[in-house]
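See structure below.
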Amino acid sequence: MTWQPNKLEAERLEKLQRLRERGIDPFPGSVQRTHAIAQAVSAFLEQEARGDAAQPIEVAVCGRLRAIRSSGKVSFAHVEDGTGKVQLFIRQDNVGEAIYELFKRDLDLFDFVQADGVMMRTRTGEISVDVRTLRVLAKALSPLPVVKEQEVDGKIIAHGGFTDVEERYRQRYADLAVNAEVREVFRKRAQTISAVRRFLDGEGFLEVETPILQAVYGGAAARPFITHHNQLKQDLYLRISFELYLKRLLVGMYDAVYEIGRDFRNEGVSFKHNPEFTMLEFYKAYIDYNGGMELTERLVAYVAQQVHGSTQVTYDGKLIELAPPWRRVTLREAIRAACGIDYMAHPTAEALHAALVAKNIPTRPNLPWGKYVEQLMGDFVEPTLIQPTFVLDYPRDISPFAKGVPDDPFHVQRFEFYIAGMEFGNAFTELNDPLDQEQRFLEMARLFRAGDEDEAPLDEDYLRAMRYGMPPNGGVGIGIDRLVMLMTDRHTIREVLLYPHLRERDKE
């Protein structure tokens with residue numbers, strides 16, 4: 001559909017045309033910036049601290065006009081770049097009548113400009129650029145939403161701007177342009193991922209990349225997205241996990257590997273689920289899930305220290321301590337304490353289903369035994385786990401890649417960890433017996449119908465790799481998006497994804 005400018009946009013188009021008629025390119029191809037705004041302000045403050053004002057600090061700063069106030073032959077504006085904001089002090093006598101009239105008549109809020117001048121303080125004490133020349137860098141044809149800030153009880157409350165939260169996600173570029181708080185969320189996201197890398201690199205892990213397009217998906221219980229390679233005439237799957245490819249590398253004599261990247265799952269969306277999301281998976285030879293727990297709690301505490309300067313974070317009004325050691329509890333103990341059901345007293349799917357029905361717990365028939373256990377965990381235990389907690393020893397029939405708990409045919413050496421009432425990660429003492437692994441694949445195929453979203457297809461190449469010999473190892477998967485939610489006190493995954501997936505707009 002062709003753009004139909006509204007009244008304000010039409011006025012800006014007229015100004016664009018006037019600039020061009022005066023021989024001014026409103027979208028020039030080069031810029032002569034000397035300082036980011038934060039650098040210019042810092043240099044001026046350092047000069048003040050030295051008491052050395054003899055040599056003026058000349059700057060050329062660039063950014064978006066955030067405020068304009070004109071009065072006679074003197075005008076003020078604020079310009080903002082990615083590092084900060086500074087006032088422009090614009091006097092007609094300094095810039096000349098032509099540039100001054102251009103500023104007053106043809107520039108608007110949110111235009112990008114270059115201001116050349118010297119740093120100074122105004123009579124009111126505000127650090128400013130005493131502008132000597134002003135240049136248009138990009139004319140904003142559509143005005144951004146105006147956000148007004150008000151301090152209430154020591155907190156800055158934003159008014160105006162986007163009132164439709166979904167529209168903010170659809171126009172994330174505009175959301176970022178007007179909301180400094182949102183920009184800070186994504187800076188902390190970058191800091192979080194950098195801290196994860198530093199920690200694992202320091203522990204001797206090797207960062208690797210594995211295929212996103214896979215002929216056989218696996219490594220998790222999820223429904224994949226399917227695509228097609230035209231030349232190869234081959235259906236392929238967007239990966240749901242890195243696991244099986246990373247563990248192949250242990251066969252290839254790497255002792256410790258990790259990957260941070262996108263997974264894709266064709267499932268429902270919620271405040272903590274998006275069809276594509278960022279995961280960390282790491283695998284280390286010669287450790288079990290106890291070693292995985294020790295690495296995990298140190299990793300998360302390190303990330304918090306790097307991002308916040310403390311192992312304590314506040315999430316949803318609750319103070320959470322991330323410093324090791326974290327609480328450890330078995331899944332059986334946690335469920336029994338939360339709802340009074342000892343699922344081991346009901347060792348078949350039919351019996352456990354009947355126990356749920358007897359307690360008026362809504363559920364579905366004909367699920368594997370482990371799925372009923374998983375439901376009890378999600379319904380009764382997960383929301384209560386505010387402080388970091390490892391929940392250990394999960395049902396064998398929903399954990400196809402984990403070694404069994406010794407002398408226990410029902411459970412495997414698997415943990416999930418929870419913080420603030422959310423699951424953040426999943427981990428195993430990884431199965432390295434190829435014959436046992438093949439039987440697990442076949443067992444899963446019997447339990448789940450073909451096409452079931454939790455189907456785990458048999459991967460013969462992975463079994464072939466295992467038959468060459470795989471060292472004992474522990475593996476951990478952690479949701480990066482949820483970790484960022486924790487570090488930024490955001491309560492929906494959409495707030496920490498630059499471009500979350502949204503439904504199509506309703507067609508009128």
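The values are calculated or read from the model by the stated rules, or taken from the named source; none is laboratory data. Because the structure is predicted, anything quoted here is derived from the model rather than measured. Glycine gets a Cβ as well: all are built from the backbone with ideal geometry, and neighbour counts include every protein chain shown.
Working carefully through the options Arg248, Arg265, Arg189, find the one that is within 30 Å of Ala301 (Cα to Cα), buried (at least 19 other Cβ atoms within 10 Å of the Cβ) and at pLDDT below 95.
Values: Arg248 fails: at pLDDT below 95; Arg189 fails: at pLDDT below 95.
Unique residue meeting the criteria: Arg265.
Out of Pro368, Pro347, Pro434, report the one residue that is in contact (Cβ under 8 Å) with a residue 60 or more places away in the chain and either closer than 21 Å to Leu280 by Cβ or crowded, with 16+ Cβ neighbours inside 10 Å (or both).
Numbers: Pro347 fails: either closer than 21 Å to Leu280 by Cβ or crowded, with 16+ Cβ neighbours inside 10 Å (or both); Pro434 fails: in contact (Cβ under 8 Å) with a residue 60 or more places away in the chain.
Within the list Pro368, Pro347, Pro434, the selection yields Pro368.
From the residues in the stretch 457-508 that are part of a helix (DSSP H, G or I) and hydroxyl-bearing (Ser, Thr, Tyr), which one is nearest to the chain's Cα centre (by Cα)? Let's see the steps before the verdict.
To start, the set of residues in the stretch 457-508 that are part of a helix (DSSP H, G or I) comprises 460-467, 480-488, 493-496.
The next check asks that each one be hydroxyl-bearing (Ser, Thr, Tyr); those that pass are 462, 488.
Values: Tyr462: 30, Thr488: 10 Å.
Taking the candidates together, the pick is Thr488.
Listed here are the residues, each with its yes/no results for (1) under 30 Å from Val165 (Cβ atoms); (2) assigned to a strand (DSSP E or B); (3) not acidic (Asp, Glu).
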{"site": "Ala53", "(1), (2), (3)": "no, no, yes"}
{"site": "Ala60", "(1), (2), (3)": "no, yes, yes"}
{"site": "Val86", "(1), (2), (3)": "no, yes, yes"}
{"site": "Arg105", "(1), (2), (3)": "no, no, yes"}
{"site": "Leu109", "(1), (2), (3)": "yes, no, yes"}
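Which one is nearest to the chain's Cα centre (by Cα), of the residues in the stretch 246-281 that are more than 21 Å from Phe225 (Cβ to Cβ) and small (Gly, Ala, Ser)?
Out of the qualifying residues, it is Ala256.
Is it the case that the stretch 356-364 has a residue that's surrounded by fewer than 16 Cβ atoms within 10 Å (Cβ to Cβ), at positive phi and not assigned by TED's automatic domain parsing to the domain that holds Met444?
yes
Which pairs have Cβ atoms under 7 Å, sit 6 or more apart or on different chains, and link a residue in the stretch 200-228 that is among the polar types (S, T, N, Q) to one that is part of a helix (DSSP H, G or I)?
What qualifies is Thr210/Tyr245; Thr210/Leu246.
Of the residues that make up the stretch 306-327, is at least one among the basic types (Lys, Arg) and out of contact with any Cys (no Cβ under 9 Å at 6 or more places or on another chain)?
Kept after step one, since they are among the basic types (Lys, Arg), are these residues of the stretch 306-327: 318, 327.
Imposing the further condition that a residue be out of contact with any Cys (no Cβ under 9 Å at 6 or more places or on another chain) reduces the set to 318, 327.
Checked against the condition, which is being among the basic types (Lys, Arg) and out of contact with any Cys (no Cβ under 9 Å at 6 or more places or on another chain), the stretch 306-327 yields at least one hit.
From the residues in the stretch 11-52 that are among the small types (Gly, Ala, Ser) and surrounded by 12 or more Cβ atoms within 10 Å (Cβ to Cβ), which one is farthest from Met120 (Cα to Cα)?
Here the answer is Ala36.
Determine if the stretch 73-80 includes at least one residue that is part of a loop (DSSP other than H, G, I, E, B) and under 23 Å from Ala174 (Cβ atoms).
Taking the stretch 73-80 as the starting set, the residues that turn out to be part of a loop (DSSP other than H, G, I, E, B) are 73.
Applying the additional criterion that residues be under 23 Å from Ala174 (Cβ atoms) yields none.
The answer is no, given that none of the residues of the stretch 73-80 is part of a loop (DSSP other than H, G, I, E, B) and under 23 Å from Ala174 (Cβ atoms).
Being free of Cβ contacts under 8 Å to residues at least 40 places away in the same chain, polar (S, T, N, Q) and within 23 Å of Val41 (Cα to Cα) is the filter here; which residues of the stretch 88-121 pass it?
If the condition is that a residue be free of Cβ contacts under 8 Å to residues at least 40 places away in the same chain, polar (S, T, N, Q) and within 23 Å of Val41 (Cα to Cα), then Asn94 is the only one that fits.
Would you call Gly340 assigned by TED's automatic domain parsing to the domain that holds Gly474 and surrounded by fewer than 16 Cβ atoms within 10 Å (Cβ to Cβ)? I'd like the intermediate steps shown before the answer.
Numbers: assigned by TED's automatic domain parsing to the domain that holds Gly474: no; surrounded by fewer than 16 Cβ atoms within 10 Å (Cβ to Cβ): yes.
No: the conditions fail for Gly340.
Assess whether Gly378 counts as being in a helix (DSSP H, G or I) and under 17 Å from Gln439 (Cβ atoms).
Numbers: in a helix (DSSP H, G or I): yes; under 17 Å from Gln439 (Cβ atoms): no.
No; evaluated as a whole, the condition is false for this residue.
Under 6 Å between Cβ atoms, which residue pairs at least 6 apart in sequence (or on different chains) link something in the stretch 294-315 that is within 26 Å of Gly474 (Cβ to Cβ) with a partner that is outside any helix (DSSP H, G or I) and among the aromatic types (Phe, Trp, Tyr)?
Taking only residues 6 or more apart or on different chains, the pairs are Glu297/Trp326.
Can you find, within the stretch 1-33, the residue that is modelled with the lowest pLDDT among those that are farther than 18 Å from Val136 by Cβ and part of a loop (DSSP other than H, G, I, E, B)?
Among those residues, the one meeting the criterion is Met1.
Here is a list: Ile24, Ile68, Ile57. Which entry is of a type in the set (A, V, I, L, M, F, W, C) and under 27 Å from Val146 (Cα atoms)? Outline the logic, then answer.
Numbers: Ile24 fails: under 27 Å from Val146 (Cα atoms); Ile57 fails: under 27 Å from Val146 (Cα atoms).
None of the other options fit; the residue is Ile68.
Which of the residues spanning the stretch 377-399 are crowded, with 18+ Cβ neighbours inside 10 Å, more than 13 Å from Phe424 (Cα to Cα) and among the hydroxyl-bearing types (Ser, Thr, Tyr)?
Of everything in the stretch 377-399, those that are crowded, with 18+ Cβ neighbours inside 10 Å, more than 13 Å from Phe424 (Cα to Cα) and among the hydroxyl-bearing types (Ser, Thr, Tyr) turn out to be Tyr394, Ser399.
Name the residues in the stretch 35-83 that are of a type in the set (Val, Ile, Thr) and under 27 Å from Arg105 (Cα atoms), would you? Don't jump to the end; show me each part of the working.
Step one: list which residues in the stretch 35-83 are of a type in the set (Val, Ile, Thr), which gives 37, 41, 57, 59, 61, 68, 74, 79, 83.
Within the stretch 35-83, Ile37, Val59, Val61, Ile68, Val74, Val79 meet the criteria.
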